[in-house]
Ligand SMILES: *Cc1c(COP(=O)(O)O)cnc(C)c1O
């Protein structure tokens, strides 16, 4: 199976090439030429497999230049007990007969980006080797918090890789900063930047587009790469857990084999919900895909009107990983429903970068309405959803998951559709402890982050993830920061 670029149908590459390259030369995203089909035979196999085995089975359908044995090995490294502890990596938590929270945050950083970033390093290094490239893959990341730590942990001590993370010095939470500066591994480096997230991001982009610098690195045997969600290697591991969740619903007797179920996802960059759409393309019996936003509701408006318009106020919310106005992965979906019209997609994306907006055709608008329902949750909705679910259903969730949960309620009320729904639960409530405590009516001032973790445990009875609790005892390895103009020198310094 080959991969096309969303902006050039004549471009056809293998999965290894798609992952090594990240973006196509025209700036398009790689998409599979055809979607593999989930046959009865494959389902029979999946039903009796563990998550690790299911992951290898599903990945092998997309990554034909990888053997099942190779993929099984990566799955063990990515999702094994060492990383996800004992028990299944992505358990379902039922709050009633029609609602199942798919917990994607039992990995090393307590958020769902682990599901992709634990797998990506193995796929990337193997992709380099399979395409005849023996250079060291150096990942550069600018982070507003979650992605940086997930990339550090995923790439830590993976042979043939290095990772450098820049974060805005005063722009991440205390726990996020601690998570990053205590990262172990001989191939990792972390630096603060004197500036905000945009400064860090711009600095990283400048390094990426500096062809002379790339040449210098090339001579040193280093190739730069990115860990952002445009890379196919970050998207494809996410298809697995929706298929696995369906198998679990059937095995748990919640639905019969072949029955449809809905999926509700708290959405930012449109990566996670796109993975659910792709699973549906493979034949998974998914009804509605429910796209939940916070008050940065550019996707809600788009799905409801067909007009994408990023020219609007940007809000900082209590679900910061969804504070996004350009959802990069939407391009892949638009390509699919435009009948793979690469020229049309190029035009839309040009409009987006020039005017900040575009409008799709009437036919596409109809398709979008059939595939998706969209809604958003205000900050107040988010807090009350956490509170109600905790007191009515004894289930504690984080702010991102609460956005999804709140939008699901609106969906059910508006449409009367009571089909069983899987809600993607994307972070541990401990990771966003301050607002979770606020939702529960606990605003007692705390000395530090760890006192708050302890308070949340006392209030909720849910155990503190040890990955977060042990942060207070770990050595802080990376205490330096740099000016935004010195980021390239920082990278050079680390690499030599
Ligand atoms: C990244 C993230 C999201 C948004 O996922 P997308 O794939 O960008 O739509 C939601 N919740 C959490 C906790 C995240 O870290």
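Every number here is computed from the coordinates shown, using simple stated rules; none is lab data. Quick caveat: nothing in here was measured; it's all calculated off a predicted structure. Note that we place each Cβ from the backbone using ideal geometry, even for glycine, and neighbour counts take in every protein chain shown.
Observations
- By the count of neighbouring beta-carbon atoms within 10 Å, fewest first, 93, 106, 122, 400 end up ordered 93, 106, 122, 400.
- Estimated FRET transfer efficiency when R0 is 35 angstrom, pair residue 45-residue 82 (beta carbons, to 0.05): 0.85
- Bridge orientation summary for the stretch 240-374: considering DSSP beta bridges with both residues in this region, about 25 percent are antiparallel.
- Shape call, the stretch 274-407: gyration tensor on alpha carbons, a/c limit 1.5: oblate
- Potential lengthening between residue 444 and residue 220 on full extension [0.36 nm per residue; Cα-Cα distance subtracted]: 75.3 nm
- For the stretch 89-226, the square roots a ≥ b ≥ c of the C-alpha gyration tensor eigenvalues yield an a/c of 1.5 or more together with a/b not exceeding b/c, which makes the shape oblate.
- Relative packing of 348-358, 314-324, which averages over residues the other C-beta atoms within 10 Å, highest first: 314-324, 348-358
- Taking the stretch 350-383 and a reference point 7 angstrom along Cα→Cβ of residue 9, the backbone N atoms nearer than 18 Å belong to 361, 363-364.
- Among beta bridges that DSSP assigns inside the chain, antiparallel share in %, nearest 5: 30
- Our note on the geometry: Cα centres of the stretch 222-264 and the stretch 202-216, 34 Å apart.
- Ordered by the count of other Cβ atoms within 10 Å of each Cβ, fewest first, 469, 105 give 469, 105.
- Spatially, the stretch 131-185 and the stretch 275-352 are offset by 27 Å when compared through their Cα centroids.
- The helix-based estimate of mean residue ellipticity at 222 nm for the chain, built from -39,500 (n - 2.57) per DSSP H run of four or more residues and divided by its residue count, is -14000 deg cm²/dmol to the nearest 500.
- For the chain: rounded, prolate or oblate by the Cα gyration tensor [a/c cutoff 1.5]: rounded
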